[in-house]
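Quick notes on the structure that follows.
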Amino acid sequence: MRIILKNFRLVDEETDALGSIIVQDGIITDVQTGNPLPDEKITCAAMIIDGKTLSASGELPVLMPAFVDLHAHFRDPGLDGNLALPSEVLESACMSAVAGGFGTVVCMANTKPAIDTIEKAAALKKRSDALGFIDLFPVLSLTKNMEGKELSGITAITKSGSSFIPLMLSEDGKDPENDDLFLAAMKEAKRIGIPVSCHCDLGGDENNAVRRVIQLGKKAGCRLHIAHVSTKKTLETIREAKQEILAKATPDGFSLSCEAMPHHLCLTEEVANKLGAKTWGRVSPPLRSEEDRQALIQALKDGTVDAIATDHAPHSAVDKEAGSPGFSGFETTFAALYTELIRGGDGIGLKRLSSLLSANPDRLLGFGSSPKRGHLLPGHAADLVIVDTEAAWIVEPENFFSRGKNSPFAGRQLYGKILMTLHKGRIVFHS
């Protein structure tokens, strides 16, 4: 089907211009900036989406590549806590993702049971593909049942013979304590050619845990990704390691990337204390000081931080009251970042924000021969998000599509409303 999207502000990491896009069978085929589309291109379209009719603020809405999330928790399969209903299921997580403008999501393996085999990961992806809302890429845990005793099904992965190849491996918040086992897992990741996402909370000191995984990563010569960086000290360690890579002072094959989270970029420990540092304000790693927050923002600017991920972690009210860490993040991510980093005057432009949410995560995952995403370019997947950046709205978690209503932004006024999300050229969300 041929779709025309006209009268938009087109934004990706390289573009910020008025224009239109043509989509054919789920792929971007033409991008026109400046001049209006010729009549002959418009008349043959099966659907026309006109930006002038979408925005309530009077400004042309922004059309961007849909966001790519490197780090989310779907809670499916399994229950969370002792409740009769899980805090999230695949369907609610997918709907929450598209309501937040996400087209591609990497979900963690800390389900019940843990995703520790290719078969389990492939089954979850098949269910998601059947829904058709997003492209979901489950990670495999490093050890069986995430118990830290023996390697998981990663040893059975072969590029030529496996039905499903994960794009990332991770033990989530339980990096193996045993160095030899952790190193063996990293060597498997090196063999397969995919990165290991390390959550670096072993022992409670983020910076020491990061130093540990970098040392092991160098020994393995693997691709290493540091999840939810939150402190100035950790950023200095990562920056130093990246400089060593640029100077070719590290082993061949070793690379390092990292992500930051919206809540660490926008909020501080004062918010956690007001919400209840051991309950509704609890997240892992915890919200930090203003000095740490400013260091994260600077790291976005200088490239030390490669991507922004959500760490979407839905919980029931009962489990939050009991101290379960994490926030539901999909549906507030763009607005929180736009409000704080762009409207707040922190010097992060919309092109840079698009790079951190779309193009850079796409590069880190490396989709190979499948249609690329993350840019508004011909040949790329028509995974798109339309945003009214001038629209103000109040965060009301009770209206989330996610079953997890645990948001640190509850009651806040944010700017940047997701109007529509398209996945492979098909509208999957419309506000």
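Each value in this text was obtained by applying a stated rule to the coordinates, not by laboratory testing. In this text, all values refer to a predicted model and were calculated from it rather than measured experimentally. Virtual Cβ from ideal backbone geometry, glycine too; neighbours counted across all protein chains shown.
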Computed on alpha carbon atoms, what radius of gyration and Dmax characterise segment 93-234, expressed in Å? 15.2, 44
Using only the alpha-carbon atoms, how far is helix 206-220 inclined from the longest principal axis of the chain? Give it as 0 to 90 degrees, nearest 10. 80 degrees
Pairs beyond 20 Å (Cα-Cα), from Lys126/Lys174; Lys125/Lys320; Lys126/Lys424; Lys301/Lys405: Lys126/Lys174; Lys125/Lys320; Lys301/Lys405
Let me know the charge dipole size of segment 267-397 about its Cα centre in debye, to the nearest 20, where only the beta-carbon of Lys, Arg (+1) and Asp, Glu (-1) is charged. 300 debye
Please report, to one decimal in angstroms, the Kirkwood hydrodynamic radius of the chain built from all distinct Cα-Cα pairs. 21.8 Å
Could you give each residue of segment 379-389 its phi-based ³J(HN,Hα) in whole Hz, using Karplus coefficients 6.51, -1.76, 1.60 with θ = phi - 60°, and x for Gly or Pro? x, 8, 4, 7, 8, 9, 9, 10, 10, 9, 6
Mean ellipticity per residue at 222 nm, deg cm²/dmol - from DSSP H runs of n ≥ 4 across the chain, formula -39500 (n - 2.57): -8000 deg cm²/dmol
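Can you work out D for segment 121-196 in µm² s⁻¹ from Stokes-Einstein, where Rh is the Kirkwood radius over C-alpha pairs, the temperature is 25 °C and the viscosity is 0.890 mPa s?
D, rounded to a whole number, is 189 µm²/s.
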I need the GluC sites (Glu not before Pro) found in segment 114-220, filtered to DSSP loop residues with at most 16 other beta carbons within 10 Å of theirs. Glu147, Glu150, Glu177
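Report the net charge of residues surrounding Ser128, where surrounding means a beta-carbon distance below 12 angstrom and charges are Lys +1, Arg +1, Asp -1, Glu -1.
-1
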Which value, in debye to the nearest 20, gives the size of the charge dipole of the chain about its Cα centre, when Lys and Arg are +1 and Asp and Glu are -1 at the Cβ? 580 debye
